[in-house]
1. Which links in B:Lys102/B:Lys241; A:Lys186/A:Lys250; A:Lys249/B:Lys107; B:Lys12/B:Lys49; B:Lys173/B:Lys218; A:Lys186/A:Lys249 stretch past 19 Å when you go from one Cα to the other?
2. As a footprinting exposure proxy, order A:Leu209, B:Leu271 by other Cβ within 10 Å, with the fewest listed first.
3. Taking each label point as 7 Å beyond Cα in the direction of the beta carbon, state the distances from B:Gly101 to the same residue in the other copies, shortest first, in nm.
4. Based on alpha-carbon centroids, what's the gap between the range A:50-81 and the range A:207-223 in Å, whole number please?
5. Output wanted: per-residue J couplings in Hz (rounded whole) for the range A:178-187, from phi through Karplus 6.51 cos²θ - 1.76 cosθ + 1.60, θ = phi - 60°, x for Gly and Pro.
6. Can you compute the charge dipole magnitude of chain B about its Cα centre, using +1 on each Lys and Arg Cβ and -1 on each Asp and Glu Cβ, nothing else charged? Give it in debye, rounded to the nearest 20.
7. Find the Cα radius of gyration of the range B:213-300, compare it with 2.2 N^0.38 Å by division, and give the number to two decimals.
8. How big is the range B:7-58 along each principal axis, measuring the range of its Cα positions in Å and listing the largest first?
Protein chains: 2
Amino acid sequence: MSLSPAFFDYLKARQHLINQALTRFVPRLSGPAARLTEAMHYSLFAGGKRLRPILVLAGAEAVGGEPEPLLPVACALECIHTYSLIHDDLPAMDDDDLRRGKPTCHKAFDEATAILAGDGLLTHAFRLLTHEELEERFPAARILAVIRLISEAAGLFGMVAGQMADLLAEGKKVSPEELFFIHRHKTAALIRASVLAGAMLWGATEESLEKLSQYGWKIGHAFQIVDDILDLTGDEKTLGKPVGSDLEKKKATYPALFGLEGAREEAKKLLNEALEALSPFGTEATPLRDIAYYVLERKL
Amino acid sequence: MSLSPAFFDYLKARQHLINQALTRFVPRLSGPAARLTEAMHYSLFAGGKRLRPILVLAGAEAVGGEPEPLLPVACALECIHTYSLIHDDLPAMDDDDLRRGKPTCHKAFDEATAILAGDGLLTHAFRLLTHEELEERFPAARILAVIRLISEAAGLFGMVAGQMADLLAEGKKVSPEELFFIHRHKTAALIRASVLAGAMLWGATEESLEKLSQYGWKIGHAFQIVDDILDLTGDEKTLGKPVGSDLEKKKATYPALFGLEGAREEAKKLLNEALEALSPFGTEATPLRDIAYYVLERKL
């Protein structure tokens, strides 16, 4: 199957919606701290695909929920993702000068500003998750459950732990289990939380949430494997950063452990399992299905 | 007035309670990311006075609320405070090697680990603010309001903005207004939020919250002024870091702008205003009153 032009229209419309919402929900300060929000906006608008916020909306659609009232949640997920990239690019971490073809935040500003911009984005995400507009539409207990989900997926039981494990694995021979730990925590946890957040707010059943959770884990892992493959085979211009940087940093990657062909096979297997998890859903899950193909096929 | 031995017993008992709660509420990971929580615990247990968590409990007591059910909130505030110190000490920020007489997190571990430990503490704070035990005791809408309060005080409308302004002011001549902006955002906002959080959860009236808010701003500003004074006049051993480091970094401080005597006068004035704000409260606000004296008198 290949992706239809209709899907790319959908993607573009959603990206536009989210960009508008980010402009609305992430303020620009004037005065002595204006530089902080300038750096935050610089990185927020540096060409991200908006995968996580789009998943928030698509996850809700799959259970019959309206996307629009979820925009503060969608923006919160993009803030968390963007903060993680800013901190990840710092000299003490991955030390990357370019991201999506543009100078990284600490290059465009400076290290201190980049650290604070990341801290600001992470904190503001939780401000957005308690946004007054959400409380007008959804029961407070459901909003709390979503904050719990996201703070676990982004923190000690998810992304931050994955980043730590990823750094510690550099230059070492890792086992398949360690690699799975890294991918699951670093990448898949926040993607899964994005898929679930909107559906939870709209009161999806436990069964639906369980299926969406499976879908989220699978595309999350597939996403990271494809990322690792692209780092080896991608086009520098499309990639926006030097090819082979994982290899140079001796990062633990799927292709390093299982070869390029093994990695491609695993990504396809995960795609099929993600689609399988969606089988109880009807056409309302079409966007999620298309996104799964998109995750696999972007520049593969 | 001088502080009674009873107050120091109270302080010690509360510090003990909070230390126990931190051990309980901030997990230690085993496995590939164990180093992350090791660094978090290192900084959490590096000799902090626990002012903010104690204020959470004392603020609740002032409106007749029990302190014990608030421990997840108290710990969340200490996590946020500790993350801010870890990031503030980084080479790209204040570049401090010592804090409370011990190596700073990036010295005891490394920069990458320190960045992630800060990120982990900040994210875990929001996990604690959605703790199941809170939801069993308090209405979900009140918990949401507290998360909103704290995410504002720690983020773009508080601490992170204050840190940005503080860094940008280094080496520059700042106006009294800019200094007030820095103190209010960098320090006072989170202290005020600590005073309010527990009282809000226990359903304090708008009038009580308004008075506690005034108290919080006043002691927050007093705290920062005293900090600036101690940096000039303190005992290196008690301080746990070199004296005069603000001067060396050309930081914007109250003594730099108004002289030591002017700073001492302002701190006393703020103490009196803080006590004045507490006048509608009876003996249940005794801890808050004592804490105000304590903020002013610690090693002045």
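1. In this structure, A:Lys249/B:Lys107; B:Lys173/B:Lys218 lie more than 19 Å apart at Cα.
2. Listed from fewest to most nearby Cβ atoms, that is A:Leu209, B:Leu271.
3. When each copy's label point is compared with this one, the spacings are 5.7 nm.
4. Going from one Cα centre to the other spans 15 Å.
5. 5, 4, 4, 4, 4, 4, 4, 7, 5, 10
6. 320
7. Normalised Rg, Cα atoms only: 1.16.
8. 43, 17, 15
Taken together, the values in this text are just the output of simple stated rules run on the coordinates, not laboratory data. All values reported here derive from a predicted model rather than from experimental measurement. Every residue, glycine among them, receives a Cβ derived from its backbone with ideal geometry; neighbour counts consider all protein chains shown.
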